[in-house]
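First comes the structure, then the notes that go with it.
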């Protein structure tokens, strides 16, 4: 715990057998109370590795639900276990677990309710091997999103995030996409609800075992990002209503 608040790390896993143990080994268990692994029907032995290293909260999807569907299972289980601060960490070792403590400290001390680990602050992205086309598209999409959503994030596309439970309980994240665009939809809902988001510089690693979407999926994601941004803009300006914000 930190400041008497229960900290839960959720691991949305898909074919993470080669990196799972290394990721979990670096999670600071002096502040993290529980670790939840949700396996999205991996084709490797992710489940066996998870059991071998002693993880007790393991969920296996009987069919592949997608990245967003995986996160939904993660957050529902974390809230069910009474988590006050929930951290999403990819088990592919692309993001360092060493940042869990400073991220949750900002939330536990009531500085911010949401914290993102940003690959763009500093020089972590390119130094860590992010492909140039992904870096350029990240910067371009982020600029458009900041303009349409009137925010100042360095990036909207990181997979390293920490939330206070009140944030997750107050937004309809279960209605969001089961695909990668889930990440953008939940941030749009968080901003629409009036929560502020902090960022912390995060080094990142790109290597063969780290999960990454291909060019065609990246293009689909990019168009999805634009759609979400315009939905937010139209909702805020009263031009049109979107299902994303219906219950908010």
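The values are calculated or read from the model by the stated rules, or taken from the named source; none is laboratory data. Computed from a predicted structure; not experimentally measured. Positions of Cβ are backbone-derived with ideal geometry, glycine not excepted, and every protein chain shown enters the neighbour counts.
Identify, please: which residue in the range 106-141 is assigned to a loop (DSSP other than H, G, I, E, B) and surrounded by 14 or more Cβ atoms within 10 Å (Cβ to Cβ) and is, among those, modelled with the lowest pLDDT? Talk me through it step by step, then tell me what you get.
As a first pass, look at the range 106-141 and keep what is assigned to a loop (DSSP other than H, G, I, E, B): 109-113, 119-123, 128-131.
Subset that is surrounded by 14 or more Cβ atoms within 10 Å (Cβ to Cβ): 112-113, 119-121, 128, 130-131.
Working: 112: 98, 113: 98, 119: 92, 120: 92, 121: 89, 128: 76, 130: 81, 131: 80.
Looking at residues that are assigned to a loop (DSSP other than H, G, I, E, B) and surrounded by 14 or more Cβ atoms within 10 Å (Cβ to Cβ), I get 128.
Using the structure shown, decide if residue 179 is closer than 26 Å to residue 206 by Cβ and either at pLDDT 95 or above or out of contact with any strand residue (DSSP E or B) (no Cβ under 7 Å at 6 or more places or on another chain) (or both). Don't jump to the end; show me each part of the working.
Details: closer than 26 Å to residue 206 by Cβ: yes; either at pLDDT 95 or above or out of contact with any strand residue (DSSP E or B) (no Cβ under 7 Å at 6 or more places or on another chain) (or both): yes.
It is true that residue 179 is closer than 26 Å to residue 206 by Cβ and either at pLDDT 95 or above or out of contact with any strand residue (DSSP E or B) (no Cβ under 7 Å at 6 or more places or on another chain) (or both).
Assess whether residue 144 counts as being surrounded by fewer than 19 Cβ atoms within 10 Å (Cβ to Cβ), touching a residue at least 12 places away in the same chain (Cβ under 8 Å) and touching a helix residue (DSSP H, G or I) at 6+ places or on another chain (Cβ under 9 Å). Show your work before the answer.
Values: surrounded by fewer than 19 Cβ atoms within 10 Å (Cβ to Cβ): yes; touching a residue at least 12 places away in the same chain (Cβ under 8 Å): yes; touching a helix residue (DSSP H, G or I) at 6+ places or on another chain (Cβ under 9 Å): yes.
When the stated conditions are applied, residue 144 passes them.
Only one of (1) within 19 Å of the chain's Cα centre (by Cα); (2) in a loop (DSSP other than H, G, I, E, B) is not met by residue 9, so which one is it?
(2)
Checking residue 235 against (1) farther than 21 Å from residue 154 by Cα; (2) at pLDDT 95 or above; (3) surrounded by fewer than 16 Cβ atoms within 10 Å (Cβ to Cβ): exactly one of these is not met. Which one?
Going through (1) farther than 21 Å from residue 154 by Cα; (2) at pLDDT 95 or above; (3) surrounded by fewer than 16 Cβ atoms within 10 Å (Cβ to Cβ) one by one, residue 235 breaks only (3).
One line per residue, one yes/no per condition, for (1) surrounded by fewer than 16 Cβ atoms within 10 Å (Cβ to Cβ); (2) farther than 18 Å from residue 200 by Cα; (3) in contact with a strand residue (DSSP E or B) (Cβ under 6 Å, 6 or more places away or on another chain); (4) in contact (Cβ under 8 Å) with a residue 24 or more places away in the chain:
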| residue | (1), (2), (3), (4) |
| --- | --- |
| 64 | yes, yes, no, yes |
| 78 | no, yes, yes, yes |
| 89 | no, no, yes, yes |
| 104 | no, no, yes, yes |
| 162 | no, no, yes, yes |
| 166 | yes, yes, no, yes |
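Taking the range 32-57 only, how many residues are under 14 Å from residue 10 (Cα atoms) and either modelled with pLDDT under 95 or outside any helix (DSSP H, G or I) (or both)? Full working, then the answer.
Quick first cut of the range 32-57, residues under 14 Å from residue 10 (Cα atoms) only: 32-40, 50, 55-57.
Subset that is either modelled with pLDDT under 95 or outside any helix (DSSP H, G or I) (or both): 32-40, 55-57.
Looking only at that region, the number is 12.
Among the residues of the range 61-93, count how many are closer than 20 Å to residue 218 by Cα and part of a loop (DSSP other than H, G, I, E, B). It would help to see each step written out before you state the result.
Pass one, the range 61-93, residues closer than 20 Å to residue 218 by Cα: 64-71, 90, 92.
When the remaining residues are screened for being part of a loop (DSSP other than H, G, I, E, B), the result is 64-65, 90, 92.
Adding up the residues that qualify gives 4.
Which numbered condition trips up residue 36, out of (1) closer than 23 Å to residue 217 by Cβ; (2) under 15 Å from the mean Cα position of the chain (by Cα)?
(1)
Just name the residue that is surrounded by the most Cβ atoms within 10 Å (Cβ to Cβ) out of those in the range 168-187 that are more than 14 Å from the chain's Cα centre (by Cα) and outside any loop (DSSP other than H, G, I, E, B).
Of the residues in the range 168-187, the ones more than 14 Å from the chain's Cα centre (by Cα) are 169-172, 174-175.
Then drop every residue that is not outside any loop (DSSP other than H, G, I, E, B), which leaves 169-170, 174-175.
Values: 169: 11, 170: 17, 174: 10, 175: 13.
Among residues in the range 168-187 that are more than 14 Å from the chain's Cα centre (by Cα) and outside any loop (DSSP other than H, G, I, E, B), the one surrounded by the most Cβ atoms within 10 Å (Cβ to Cβ) is 170.
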